[in-house]
Amino acid sequence: MTLRRTVLPLAITLALSLAACQPAGTPPAEGQGPQAAAAPAEVARPSRQYGIEEFIESTGVAGASFNADESRILFSSNKSGIWNAYSMPVAGGEWTAVTSSDTDNVYAVAYFPADDRVLVTRDQGGNELDHLYVIEADGSERDLTPGENLKADFLGFTGDGNAFHVMSNERDPRYFDVYRYDARTYERTRVYENKDGYEPSVVSQDGKWLALGQSNTTNDSDLHVVELATGKSTKVSQHEGQAAFDAQDFSPDGQWLYYTANDQGEFAQLRRVKLGSWEHEPVRSADWDIVAAYFSKGGKYLAVATNVDGSTSVKLYDAATGAEQPLPALPAGEIRGLRIADSEQRLAFYLNGDRQPNDLYVLELAGGEPKQLTTSLNPAIDPADLVDSSVVRFPSFDGMVIPNILWKPHQASAENPAPALVWVHGGPGGQTTRAHSALIQYLANHGYVVLGINNRGSSGYGKTFFAADDGKHGREPLWDTVEAKKYLQTLDYVDDDRIGIVGGSYGGYMVLSALAFQPGEFKVGVNIFGVSNWLRTLESIPPYWESFREALYQEIGNPETQRDFLVETSPLFHADKINVPLMVLQGANDPRVIKPESDDIVAAVQKNGVPVEYVVFDDEGHGFSKKKNQIEGYGRMLAFLDQHLKNAAPAAPAADAKAE
């Protein structure tokens with residue numbers, strides 16, 4: 001459960017997109033000469049149904065960092081079944097494994113600016129207690145953040161490359177301090193002691209300034225800037241009413257902090273504040289939320305990302321003149337993980353579309369065509385068998401318009417109506433977006449219509465819509481899902497008597513709520529690590545969430561003062577109403593929605609005499625990141641849906657699956 005405002009991260013993980021013209025990987029139409037007697041017969045789609053193993057066989061890739069001479073690029077991949085760090089030549093070629101873990105996932109962070117040492121991060125079995133490690137030139141590994149029960153995160157190198165900053169909660173598990181590390185010796189100094197519970201965000205390239213966030217509510221946040229040499233803190237987000245302020249990046253010359261804020265309207269604008277004089281200036285605005293912005297190292301380019309109706313668009317600007325830097329036309333999808341090389345002569349990015357997973361590209365900014373470095377989709381899958389998503393809307397029970405992402409199977413038609421699923425995202429303030437999803441494509445390939453609802457409270461549609469679920473969980477947002485079912489029933493290619501509900505994290509809570517509080521509406525539910533008991537979840541949140549504990553209480557409810565309300569809105573206490581088949585999937589090491597949440601709801605629903613299937617992964621946390629577990633879990637999910645929603649014979653479970 002992502003119980004925070006949804007803000008896209010900066011720099012190497014910035015998610016950006018471009019509008020495009022054709023789906024990635026779609027074969028060109030076969031041309032016919034002028035003497036052709038007849039057009040070839042159209043191939044029925046899907047030409048075949050693929051097993052979950054074939055979908056998961058596609059390669060996951062993420063992250064991008066150029067080495068010092070920009071001849072190689074560092075990234076993460078689950079090629080081996082476990083996420084590890086790899087590098088490859090920028091010109092293309094063979095991958096080199098930087099790490100070779102066969103247990104815990106390892107994610108690449110960055111090359112050092114002056115040599116080929118590498119920073120990586122990993123936790124322990126999905127517990128989210130990340131440590132930062134350096135991989136030396138000889139391949140040896142060193143934990144830069146040793147200790148028990150701590151969580152650390154990388155904040156970036158200084159402009160000269162001689163140091164880098166890391167935040168860690170080792171001193172006080174509730175709060176993150178900031179440390180400056182010598183890039184050669186790894187000796188460190190604490191440069192900011194966090195006594196106020198603020199959230200470190202970004203450090204200026206000269207190491208003089210630190211931006212901090214302060215969560216007041218999920219809809220209201222403030223922004224502070226600390227001069228690290230003196231410790232003097234300045235609040236730079238004076239505003240009236242509820243508004244969200246988020247730091248984006250310091251200008252490389254150390255003169256400005258760029259930030260986003262929605263205090264002047266429904267959507268977040270990009271502005272900047274002068275360091276020292278604290279004068280504000282507008283930079284960019286749009287009719288949607290500007291969600292991220294960052295500079296290239298030398299300050300030549302400014303990248304700005306905007307959330308546009310479930311997609312993310314990017315513009316690259318000349319920072320001095322404001323002129324837009326043209327970007328090439330690309331296949332359909334979004335550019336993600338944009339990384340501008342330190343030389344400012346090239347950039348790397350991922351292209352992600354409905355019918356293709358992430359593929360890594362490099363582009364020379366002086367001109368030329370983007371070079372594709374990876375081909376991630378399993379070659380056994382014909383991309384034409386996959387489906388494109390579309391944006392659809394419906395009015396809810398009170399007239400509020402609800403946006404959604406819809407995946408329609410090729411085989412669904414008025415003559416052959418298909419079963420359907422309402423898909424609920426996590427959050428609460430998350431968003432279902434247009435993107436490749438192996439699981440959703442797997443379901444669509446097997447004949448399921450999937451409607452990804454962005455119920456009230458979702459991000460991306462203005463601050464009023466985002467705040468519309470506060471204190472209403474288990475009610476109005478849930479009622480939107482019932483209206484989503486009714487919308488599906490208006491589509492002539494949907495079997496209106498075979499509609500289920502699926503969701504993960506907060507979406508899993510919505511699944512349980514739908515079955516407990518709206519019995520009879522859905523024929524089946526799949527709960528993926530969802531909250532069943534708000535009292536326990538709110539009382540067991542990780543200590544490092546302390547900075548936004550009160551904001552969370554205002555969003556969901558306060559277990560100290562609103563126990564009756566939380567009992568009323570927790571499905572566990574109403575589980576006797578659940579009278580349809582339920583599937584529950586859970587990671588044993590989940591720190592956000594702990595395993596007892598799933599244990600208890602399964603035990604309670606089993607008493608009702610309805611089918612309940614429970615699958616637990618001992619080596620996962622909040623999400624299933626290992627290929628073997630995705631194959632097990634998602635394969636079982638389809639078998640469960642086929643048996644209880646499509647009424648097909650159940651498939652045999654995987655031999656090594658663990659069910660409880």
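Apply the a/c threshold of 1.5 to the C-alpha gyration tensor of the stretch 229-333 and tell me whether it is rounded, prolate or oblate.
Details: a/c = 2.44, a/b = 1.32, b/c = 1.85.
Oblate shape, in that a/c is at least 1.5 and b/c is the bigger or equal ratio.
Can you compute the charge dipole magnitude of the chain about its Cα centre, using +1 on each Lys and Arg Cβ and -1 on each Asp and Glu Cβ, nothing else charged? Give it in debye, rounded to the nearest 20. Spell out each step's value before the answer.
Numbers: 56 positive and 89 negative charges, 85 e Å.
Dipole magnitude for the chain comes out near 400 debye.
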Among 545-554, 204-213, how do they line up from the highest to the lowest mean number of other beta-carbon atoms within 10 Å?
204-213, 545-554
Ignoring ligands, DNA and RNA, what percent of the 1.4 Å accessible area of the stretch 185-309 is carbon and sulfur?
41 percent
Non-local residues with an amide H under 5 Å from the amide H of Arg72, with H modelled 1.01 Å from N and Pro and chain starts lacking one, are Asn67, Val90
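Report the gain in length on full extension from Trp545 to Gln264: 0.36 nm times residue separation, minus Cα-Cα distance, nm rounded to one decimal. Show your work: numbers first, answer last.
Values: separation 281, 0.36 × 281 = 101.16 nm, distance 2.85 nm.
So the extension gain works out to 98.3 nm.
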In this structure, among Lys463/Lys485; Lys79/Lys315; Lys607/Lys646; Lys463/Lys486; Lys232/Lys297, pairs with alpha-carbon gaps over 29 Å are Lys79/Lys315
Taking the simple approach of a point 7 Å from Cα along Cα-to-Cβ for both Thr230 and Ala114, what is their distance in nm?
3.1 nm
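Given a Förster distance of 41 angstrom, what is the FRET efficiency for Asn416 paired with Ala329, based on the Cβ-Cβ distance and rounded to 0.05?
That gives a FRET efficiency of 0.65.
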Roll a 1.4 Å probe over the protein chains and send me the accessible area per residue for the chain in Å².
39 Å²
Residue-span extension gain [Asp153 to Asp309] - 0.36 nm each, minus C-alpha spacing:
53.1 nm
Compute the label zone of Asn558 within the stretch 401-438: residues whose backbone N is under 15 Å from the point 7 Å along Cα-to-Cβ.
none
Looking at the square roots a ≥ b ≥ c of the eigenvalues of the Cα gyration tensor of the stretch 508-660, which shape do they give, rounded for a/c under 1.5, prolate if a/b is larger than b/c, or oblate?
oblate
Residues of the stretch 78-102 with backbone N under 16 Å of the label point set 7 Å from the Cα of Glu364 along Cα→Cβ are 90-92
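Using a simple charge model, +1 on the beta-carbon of Lys and Arg, -1 on the beta-carbon of Asp and Glu, nothing else, what dipole does the stretch 532-578 show about its Cα centre, in debye to the nearest 20? Write down the numbers at each step before the final one.
Values: 4 positive and 8 negative charges, 28 e Å.
With only Lys, Arg, Asp and Glu charged at Cβ, the dipole is about 140 debye.
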Does the stretch 62-115 come out rounded, prolate or oblate, given a ≥ b ≥ c as the square roots of the eigenvalues of its C-alpha gyration tensor, rounded meaning a/c under 1.5 and, failing that, prolate meaning a/b above b/c?
prolate
So, in nm, how far is label Val610 from label Asp398 when the simple model puts each one 7 Å beyond its Cα toward the Cβ?
2.7 nm
Could you give the length gained by full extension between Lys595 and Ala380, i.e. 0.36 nm per residue of separation minus their alpha carbon distance, to one decimal place?
73.8 nm
Relative contact order as a percentage, the chain, C-alpha pairs under 8 Å and 6+ apart, gives 13 percent
Can you give me the relative contact order of the stretch 153-250 as a percent, contacts being Cα pairs under 8 Å and 6 or more apart?
19 percent
Per DSSP H run of at least 4 residues, take -39500 (n - 2.57); add these up for the chain, divide by its residues and hand me the 222 nm value, nearest 500 deg cm²/dmol.
-4000 deg cm²/dmol
Any lysines with Cα under 16 Å of the Lys235 Cα? List them, leaving off those in the same chain fewer than 8 positions away.
Lys195, Lys274
With +1 on each Lys and Arg Cβ and -1 on each Asp and Glu Cβ, and nothing else charged, work out how big the dipole of the stretch 440-525 is about its Cα centre, in Debye to the nearest 20.
200 debye
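The values are calculated or read from the model by the stated rules, or taken from the named source; none is laboratory data. Keep in mind the model is a prediction, meaning the values are calculated, not measured. Methodologically, a virtual Cβ is constructed for each residue, glycine included, from the backbone with ideal geometry; neighbour enumeration extends over all protein chains shown. The protein model used for the area step is the full one, side chains on, heavy atoms only, and it has no ligands, DNA or RNA in it. Shrake-Rupley method; radii C 1.70, N 1.55, O 1.52, S 1.80 Å.
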